[in-house]
Structures are given as structure tokens and as C-alpha cells.
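The values are calculated or read from the model by the stated rules, or taken from the named source; none is laboratory data. Please read all numbers here as calculations on a predicted model, not as lab measurements. Please note: Cβ atoms are built from the backbone with ideal geometry, for glycine as well, and neighbour counts cover all protein chains shown. Remember, those area values only see protein heavy atoms, side chains included, never the ligands or the DNA or RNA. Shrake-Rupley method; radii C 1.70, N 1.55, O 1.52, S 1.80 Å.
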Amino acid sequence: MKNCKLSWSLVIVLSVVVALFAYKFTVGEVQPSEDGRQAILLSKDERNALLLEMRNWLQNSQAILAAASEKDFDTVIKSAKASGMAAEADTPGSLFRKIPVEMKALGFGTRKKFDDIAADAAEFKDSNRIVSKLSVAMNNCVACHATYRFVETAP
Ligand code: HEC
């Protein structure tokens with residue numbers, strides 16, 4: 001009987017621990033920011049890694065537009081893939097806990113849109129389609145920047 005009680009207490013304690021982890025994973029390390037956005041609290045290295053990814057996204061978007069205007073579809077495909085899911089491997093694992101679930105969804109959604117641009121360029125070789133798909137993908141850039149910022153916290 002005593003053992004039984006002990007194991008029930010253990011189940012309850014473990015459930016609470018799991019629930020707390022799940023909660024942290026969903027909300028991330030977030031704080032309201034003075035400018036009305038949500039601040040994601042990151043270490044210096046994490047923030048630098050994300051900002052580098054961001055600059056890559058900007059650079060690849062420019063490269064896609066330039067290549068589409070010259071009908072250079074190989075470069076469109078290469079630049080779009082460099083912004084796609086494959087590039088996610090460069091993201092530090094610690095960020096998964098710190099980034100809120102909605103923001104992760106927006107980030108992955110953006111990567112998928114770039115993979116879709118690469119696939120579409122390979123299939124149709126049509127600059128207008130590429131420009132139109134890139135402009136839709138870039139709505140994600142606008143939406144995320146309007147909602148979140150990255151703030152460095154002491155390590
Ligand atoms: C999931 C959210 C999210 C998405 C999607 C996103 N960004 Fe960002 N980006 C951010 C945040 C947050 C910052 C930091 C802004 C701040 O702290 O004020 C940022 C910063 C940047 C910066 C500044 C980099 C630096 O070195 O300071 C650039 C450039 C940028 N983003 C480009 C883009 C482009 C281009 C896209 C779309 C192809 C994009 N971002 C999509 C969240 C996102």
C-alpha cells in the first residue's frame with residue numbers, strides 16, 4: 001500500500017515536470033518589449049546565429065530576384081534552397097526551447113516557402129511565378145518582424 005502511494009506521488013511529480021517542460025517549449029523565453037513587440041531573450045551567440053541567418057535570407061531573396069530577372073533559373077534554385085529547410089541544420093539546438101511555438105511555425109513556414117520556390121523554378125522556369133511566390137514568402141518576414149525582436153541577455 002505504501003509503495004502504491006509512493007508510485008502515485010511519483011506519477012504526479014513527473015506529470016508536473018513534463019507539463020512544465022511542454023509549457024516552456026510552447027511559450028519560449030519571451031518578455032514584452034517597450035516597442036510593443038515581444039522580445040525573445042537569447043544569449044549573445046544565439047542572437048548572432050539568428051541574425052546571420054536573417055542576413056542570409058535577405059541576401060538570398062535579393063539573389064533570387066536578380067536571377068529571376070535574368071531568367072537564370074539555376075541560381076534561383078540554388079539561392080532558394082540555401083534559404084530552405086536544409087539550412088535549418090545551422091540553427092543552434094538551444095533555440096528550440098527559447099523560441100515560442102508560433103514564431104517557430106512562422107520560421108519553418110518561411111523555409112518551406114523557399115523550398116517551394118526552388119521546386120517551382122525547376123518545374124516551370126517562369127520568372128513571374130518566382131517573383132510572385134517570393135513576394136508571398138516575404139509577407140512572413142514582415143509579419144515576424146512586426147511581432148518579435150531579439151534581445152541579448154547576460155549569459
Ligand atoms: C520567424 C520570425 C522571422 C522571420 C520569418 C524573418 N525574420 Fe528577420 N528577424 C527576426 C527578428 C526577431 C529579428 C531581430 C529584430 C530586432 O531585434 O529588432 C530579425 C532581423 C532581421 C535582419 C537584421 C539582421 C541583423 O544583422 O541585424 C534582417 C536583414 C532580416 N531579419 C531579414 C529577414 C528576411 C529577408 C526575412 C524573410 C525572407 C526574415 N528576416 C524573416 C525574425 C524573423
Run the accessible area of the chain with a 1.4 Å probe and give the carbon-and-sulfur part as a rounded percent. 63
Quickly estimate the mean residue ellipticity at 222 nm for the chain, helices only: each DSSP H run with n ≥ 4 gives -39500 (n - 2.57), and the total goes over all residues, rounded to 500. -24500 deg cm²/dmol
Net length gained if the chain between Ser9 and Ser33 were fully extended (0.36 nm per residue, minus Cα distance): 4.7 nm
Skip the ligands, DNA and RNA, and give the accessible area per residue of the chain with a 1.4 Å probe, whole Å². 64
Which whole number in µm²/s is D for segment 1-103 by Stokes-Einstein, with the Kirkwood Rh taken over Cα pairs at 25 °C and 0.890 mPa s? 142
May I ask what percent, to the nearest 5, of DSSP beta bridges between residues of the chain are antiparallel? 40
Farthest positive-ward along the chain dipole, Cα basis, beta-carbon charges - from Ser9, Phe73, Ile117: Ser9
Under a straight-distance cross-link criterion of Cα-Cα below 29 Å, which lysines are reachable from Lys133, leaving out those fewer than 8 residues away in the same chain? Lys71, Lys78, Lys81, Lys104, Lys112, Lys113, Lys125
Within segment 1-86, list the GluC sites (Glu not before Pro) lying in a DSSP loop whose Cβ has at most 13 other Cβ atoms in a 10 Å radius. Glu34, Glu70
